[in-house]
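A.B. asks: Have a look at this one.
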Amino acid sequence: MQHASKIFLIGFMGSGKSTAGRRLASYLKWSFVDLDEKIENTEGMKIPAIFSQKGESLFREMESKALRELQPESHVVISTGGGTPCFSNNMEFMLESGLTIYLKMTPSSLKRRLVRSSEGRPLLKDIDRRDLEGFIAAKLAEREKWYSRAEIITDGLNTDLSYLLSLIKKRIIQ
């Protein structure tokens, strides 16, 4: 058993990281941080505006910096962006700093969730709805090598919070 005072939720956009994170934090009586919201508050602009005005590369630098700023925090559940684990050795940082949980979903399930919000998501804004599932499948395949390194891998479509909490409690000492 390890002592972990941080839980990092990872997975593709739309996998429910923020929703599950808020619920987990509430149950554990821990604080909750949505990494995208942290970046938006720091920069004073929304993620799509950061992508369009400053570019993805600068956004990824901001994301990595924001993640590392959470190092001193304890008893916190952190919802990361979909690409967070894939850049700047962020996955290694999260594995060393806390417990990582991958909310895994299929491309078709993700498409059903994302089709309604693709305009607000920088990587999807120019993707035609007919091409969305193929794009998601390709991007998910690229990212799987990082996502699959998580210590807990669970179904993001029907996240069973009580089951997830039992897995967490087996891995951390509060």
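Since every read-out is calculated from the coordinates, none of them should be taken as a lab result. Everything quoted here is computed from the prediction, not taken from an experiment. Because the Cβ atoms are built from the backbone with ideal geometry, glycine has one as well, and the counts that use them run over all protein chains shown.
A.B. asks: I'd like the full set of residues that are crowded, with 16+ Cβ neighbours inside 10 Å and within 20 Å of Pro48 (Cβ to Cβ), limited to the range 128-142.
C.D. replies: Taking the range 128-142 and keeping what is crowded, with 16+ Cβ neighbours inside 10 Å, we get 132-133, 135-136, 139-140.
Hits for the range 128-142 are Leu132, Phe135, Ile136, Lys139.
A.B. asks: Let me ask something else about it. In the range 35-64, how many residues are in contact with a Ser or Thr (Cβ under 9 Å, 6 or more places away or on another chain) and not small (Gly, Ala, Ser)?
C.D. replies: The qualifying residues number 7.
A.B. asks: Can you tell me which condition Leu28 does not meet? The list is (1) surrounded by fewer than 16 Cβ atoms within 10 Å (Cβ to Cβ); (2) out of contact with any Ser or Thr (no Cβ under 7 Å at 6 or more places or on another chain), and all the others hold.
C.D. replies: Among (1) surrounded by fewer than 16 Cβ atoms within 10 Å (Cβ to Cβ); (2) out of contact with any Ser or Thr (no Cβ under 7 Å at 6 or more places or on another chain), the lone unmet condition for Leu28 is (1).
A.B. asks: Using the structure shown, decide if Ala49 is crowded, with 18+ Cβ neighbours inside 10 Å and not hydroxyl-bearing (Ser, Thr, Tyr).
C.D. replies: No: the conditions fail for Ala49.
A.B. asks: Do any strands (runs of 3 or more DSSP E) lying entirely in the range 55-174 carry at least 3 residues that are free of Cβ contacts under 8 Å to residues at least 60 places away in the same chain and within 25 Å of Leu28 (Cβ to Cβ), and which ones are they?
C.D. replies: Of the strands (runs of 3 or more DSSP E) lying wholly inside the range 55-174, those with at least 3 residues that are free of Cβ contacts under 8 Å to residues at least 60 places away in the same chain and within 25 Å of Leu28 (Cβ to Cβ) span 152-155.
A.B. asks: Now for a separate question. Do we find that Lys46 is charged (D, E, K, R) and more than 28 Å from Leu161 (Cβ to Cβ) in this structure?
C.D. replies: Yes, satisfied.
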